[in-house]
Protein chains: 2
Amino acid sequence: MKPSIPQGTRDFSPSDVRKRQYILNTIKTVFELYGYQPLETPSMENLQTLMGKYGEEGDRLIFKVLNNGLHEKKDKDKLNEEWGKILDKPYSTPAITERALRYDLTIPFARFVVMHQNDLAFPFKRYQMQPVWRADRPQRGRYREFWQCDADVVGSNSLINEAELLAIYHQAFHLLKVPGISVKINSRKVLAGLAEVVGHSDQLTDITVAIDKLDKIGWEGVSKELTERGLGATTISFVEQYLNIGGSNEERLAAMESLLESSAMAQQGIKELRDSIQYFSILKKAAWESELVVDFTLARGLNYYTGVIVEVGTSAVKMGSIGGGGRYDDLTGLFGLKGLSGVGVSFGIDRIYDVMEELGLFPEQVASGTKVLFLLMDEAATTQVLQYCSALRDAGIPADMYTEQAKFDKQMKYANKRNVPFVAIIGSDELANKVITLKNMQDGTQSTLDIDQLIAHLA
Amino acid sequence: MKPSIPQGTRDFSPSDVRKRQYILNTIKTVFELYGYQPLETPSMENLQTLMGKYGEEGDRLIFKVLNNGLHEKKDKDKLNEEWGKILDKPYSTPAITERALRYDLTIPFARFVVMHQNDLAFPFKRYQMQPVWRADRPQRGRYREFWQCDADVVGSNSLINEAELLAIYHQAFHLLKVPGISVKINSRKVLAGLAEVVGHSDQLTDITVAIDKLDKIGWEGVSKELTERGLGATTISFVEQYLNIGGSNEERLAAMESLLESSAMAQQGIKELRDSIQYFSILKKAAWESELVVDFTLARGLNYYTGVIVEVGTSAVKMGSIGGGGRYDDLTGLFGLKGLSGVGVSFGIDRIYDVMEELGLFPEQVASGTKVLFLLMDEAATTQVLQYCSALRDAGIPADMYTEQAKFDKQMKYANKRNVPFVAIIGSDELANKVITLKNMQDGTQSTLDIDQLIAHLA
């Protein structure tokens, strides 16, 4: 049998892990700076917790875990009946699959907040970085196991949270040195105001879904879709006016204020955008090169958003959004806890990885952990090499030695494959003189040092 | 519906996550110092990769993931037949559950090495810290989802690896400050030599399994079990002699050398123990208080070990082993790659956590991330507080503010629940004078500082 792994899953080699950790640790540091606390939830949730939360498509893509010990159960008729449910109705919660793999981090977070509502300090700010699983058809950039990286706060209506989350995006991508970052911002209330003003509040979702496709299908496509959804020429013309608003952020806000003058909802949304941007301007650093853009064409697909929505992209690489989020007013209501407002953002780790790889943004030292590899040219040097490694490790420098008996060429080939920046050679001369020949694997230069000099050189 | 999580799984609150990360990061740093490289494998493996690798009991405890889209398949008879396999034979690999959750990190590691054998640099030293899943009956200290934390090297016969892994145990527990650590060491070759000398090489497993229980059932229990397994009085008396060997490490090795003089296998095992200990003595630091003990009663349950075996315990808490490992000669042979010898160790993270919690060994700063929380006493102070938070974050100090309008008592209660070490108060006086009243939440003392002094104080 030739071993393999399931379609849509990945092994991460040492340099992959290091690069991914670099991204995750950078974002984590920023989350922590802004007072967000780490949370981890189990990989498996009760199937009932997940079903019905992600729409029909989502239900279909949830990985269900078969109960163990079914062969020991007496009532085979009951089991066969439950099995029948799986063949008939993909969206049910059959009793032979009580557990399922986490589909995102948001629903488990809401479930956690409701379970622990009496112990938590609200506003509760948490971040979570864990894998999720979806039985999607695998394709380039789409995996069946992938990491999500979310920060959310629940139990606060303050727009300071929106501003801090905007600052988190700007600061994280600044630290990761990703160029061309733009953070788009809009409000669901403005979109709701649009639907209200054209007299089609009942078709808010239709309008939102169509607008959401503007990037992909252009105005003609959107216009066609709105027609198909039963909206008339006057409405469509008004939507076009809405989408055409341009200029600076303040010009856009002012233009929208007058276009949707008759909607209190829209005015509220515009005020929230203004306040969020005002708070953000206090937090903003001159060094951050990324921009914040009011973009009324931003809609975001997920329906649970109710206030400010954001999305991050980069102009440096052809790639979809690499982050997004927004405010939702009733997430925990799904589990019976009403009236808690929340706002959160998510980083698309896999796409950020691809962008950074394509642009060569990973710092060189990230890819290699071991700083120096000692070659073993002479067994008599073993004790000496062990002592040198030990001294380097004492100084916090990752050091390793080749432990086998092999020719110089083979050992150098190993050092190359290991991608170590320095190789240390102890031949009989070096052993006699208590020195080390150090070879820089990048530029090929060699130098002769004693152990104290070596430590100082590599520290 | 009252939300809950599956039996045997856990939510980790912010302070849980921080403490666990403290353990994992400490061990990770040590692994890196010794040249081990990180690897991550998918949570799901093909069911075929896992089945038959962990014995009958293991097969029963593997969580199988149901294929998605079964309701769309045409051939219902075939599906029903596969479903029948699940009801009949728990140890099969039915085609409706092609994937399963990882049961340990060792088999995925072996699978990875075989798949990537042409790209890897051997010896390949990897560490891996990821969750595994077992459908065991949950009980105190036993979970259905738990983390393993392993370091292994494959492709090397050198006993320097054994010595480095011993050093890793000592150094990691030294850094974690766990007292009373003893690392026991033995060799499967010595145990095989014992079976050989008493003329029962065919019953090596029986003898090993019985000896493994010495701690739990005492010599009388072991003796009884050996009798039940068909071994005679002379053999049992010889095993008793074997188990009674005591004294210093060198005395034990010398006594065993003469007791098992007639077994070349045992002599080889003793030589390997001596060499491992000798290499380790070069790496050992005076500051490490833990001890290394040759213990011929150590057997380790898992059958794939073939050379040196180790186990770690602490005398400070009543608790089973908190780490273990050994050398195995043919792990990748399971997937068709013969002749690669490996050696590895594992850290029992959950138990180490329990030991450290019981002994209060977590450094105080580990449990809290946010260093200072600003109370919002007056809305007029919002801009000032945002600026202060921003300045602290610039200095790398995690800072947060209370964003709601609430009474002082409520805000203080929040700060207490958040477990922040410092609270900063900006009343109207402080705002006018550009100062900050800082309250130390530990000892209740207060001081008045400007922002530069605050940064210096908290840095």
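Quick rundown of the values:
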read-out: Positive minus negative residues near B:Val222 (Lys, Arg vs Asp, Glu; Cβ under 13 Å); value: -3
read-out: Peptide B:437-450, shielding by other chains (average Cβ, 10 Å cutoff); value: 0
read-out: Average other protein chain Cβ within 10 Å of Cβ, residues A:26-37; value: 6
read-out: Percent accessible area from carbon and sulfur atoms, the range A:368-458, protein chains only, probe 1.4 Å; value: 46 percent
read-out: Other-copy label distances relative to B:Asp378, 7 angstrom Cα-Cβ extension, nm; value: 7.8
read-out: In nm, spacing of pseudo-spin labels at A:Ala367 and A:Asp75 (7 Å Cα→C-beta vector); value: 6.0 nm
read-out: Nearest-ten-degree value, helix B:264-283 long axis tilted from longest Cα axis of chain B; value: 20 degrees
read-out: Distances in nm from B:Leu24 to the matching label points in the other copies, shortest first (labels 7 Å along Cα to Cβ); value: 0.6
read-out: Relative intensity, log₁₀ I(q)/I(0), of chain B from a Debye sum that treats every alpha carbon as a point, q = 0.06, 0.07, 0.09, 0.13 Å⁻¹; value: -0.39, -0.51, -0.77, -1.20
read-out: Heavy-atom accessible surface that B and A bury in contact, both chains counted, 1.4 Å, Å² to 100; value: 9200 Å²
read-out: Relative packing of peptides A:239-247, B:3-11 - highest average C-beta neighbours within 10 Å first; value: B:3-11, A:239-247
read-out: Crossing angle, helix B:214-228 versus chain B [Cα axis fit, 0-90 degrees, rounded to tens]; value: 20 degrees
read-out: Net lengthening on full extension, B:Ser4/B:Leu359 (0.36 nm per residue, minus Cα-Cα); value: 124.7 nm
read-out: Förster radius 45 Å - calculated FRET efficiency between B:Asp429 and B:Leu24 (Cβ-Cβ, nearest 0.05); value: 0.50
read-out: Chain A: relative contact order as a whole-number percent, Cα under 8 Å and 6+ apart; value: 15 percent
read-out: Percent carbon-and-sulfur accessible area, the range A:44-101, ignoring ligands, DNA and RNA, probe 1.4 Å; value: 44 percent
read-out: Calculated label separations, A:Leu175, copies of the chain, 7 Å along the beta-carbon direction, nm; value: 2.1
read-out: R0 of 22 Å, Cβ-Cβ distance B:Glu261-B:Gln241: FRET efficiency to nearest 0.05; value: 0.95
read-out: Full-stretch length increase - B:Gln442, B:Lys224 - with 0.36 nm per residue and alpha-carbon distance subtracted; value: 72.7 nm
read-out: Angle in degrees between helix A:382-394 and the longest Cα principal axis of chain A, rounded to the nearest 10; value: 40 degrees
read-out: For chain A, calculated [θ]222 nm from helices alone, where every DSSP H run of n ≥ 4 adds -39500 (n - 2.57); value: -13000 deg cm²/dmol
read-out: Per residue accessible area in Å² of the protein assembly as shown, where ligands, DNA and RNA are left out and the probe is 1.4 Å; value: 41 Å²
read-out: Within the range B:159-196: backbone nitrogen closer than 17 Å to the B:Lys318 label point (7 Å, Cα to C-beta); value: none
read-out: Average beta carbon contacts from partner chains per residue of B:14-20, 10 Å cutoff; value: 4
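The values are calculated or read from the model by the stated rules, or taken from the named source; none is laboratory data. Note that the coordinates shown come from a computational prediction; the quantities given were computed from them, not determined experimentally. With ideal geometry, Cβ positions are generated from the backbone for all residues, glycine too; neighbour counts draw on all protein chains shown. Surface areas here come from the heavy atoms of the whole protein model, side chains and all, with no ligands, DNA or RNA. Shrake-Rupley method; radii C 1.70, N 1.55, O 1.52, S 1.80 Å.
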